[in-house]
């Protein structure tokens, strides 16, 4: 798969954008990148949903404990960034302010990802630290997370802004963006509930 991506990028770099035949080759090749972005987006979203539902909610209930409420705060910020990133980058080939809002969300998400990584050591002390299963989940989830974003950004570099995304990518993006919005609202409500009724 990585070899194929490298071949696509090589084709895009060495073929002039002013050559109509070259453009057709690039567009055809980048269909593969859309498929890769589609698969990575699904993997990122499903792994993130599993991490949230099983570890954050069922196993630890991070939002209910004073030791882990700061981690839940970081998760809340990241949960707000998720639907923004998915909508602005994966739903449609946006340019201008919507695209840059998405880029800003990536930066904010990355900052809170780093803060979250440091906070996990303190917030999980009462459970003996971060479990191996959750560590592995985080590893794969964040890997496909940034691979998905990198892939879709690479497709924007060489394709015209008027190029439409394939329908399957737009459909899955709006589904995940909607689900992510509901999850973000849930995180905010839980945070508010804890702040108003601390344990």
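What follows draws every value from the coordinates through simple rules; no lab data is involved. Quick caveat, the model's predicted, so the values are computed rather than measured. Methodologically, a virtual Cβ is constructed for each residue, glycine included, from the backbone with ideal geometry; neighbour enumeration extends over all protein chains shown.
Remarks
- Ellipsoid semi-axes in whole angstrom, largest first, where each is sqrt(5λ) of the Cα gyration tensor of the stretch 146-193: 30, 13, 8
- Listed peptides 135-144, 161-170, 44-53 appear in the order 44-53, 135-144, 161-170 once ranked by packing, highest mean of other Cβ atoms within 10 Å at the front.
- Volume in Å³ per residue [convex hull over Cα atoms, computed for the stretch 27-136]: 105
- Its residue count N fixes a reference of 2.2 N^0.38 Å for the stretch 106-178, and the Cα radius of gyration divided by that reference is 1.50.
- Shape class of the stretch 43-105 from the alpha-carbon gyration tensor: oblate, with a/c at 1.5 or above and b/c at least as large as a/b.
- Anisotropy class of the stretch 67-196 from Cα gyration tensor, a/c 1.5 cut: prolate
- Extent along principal axes [Cα atoms of the stretch 99-146; Å; largest to smallest]: 41, 20, 9
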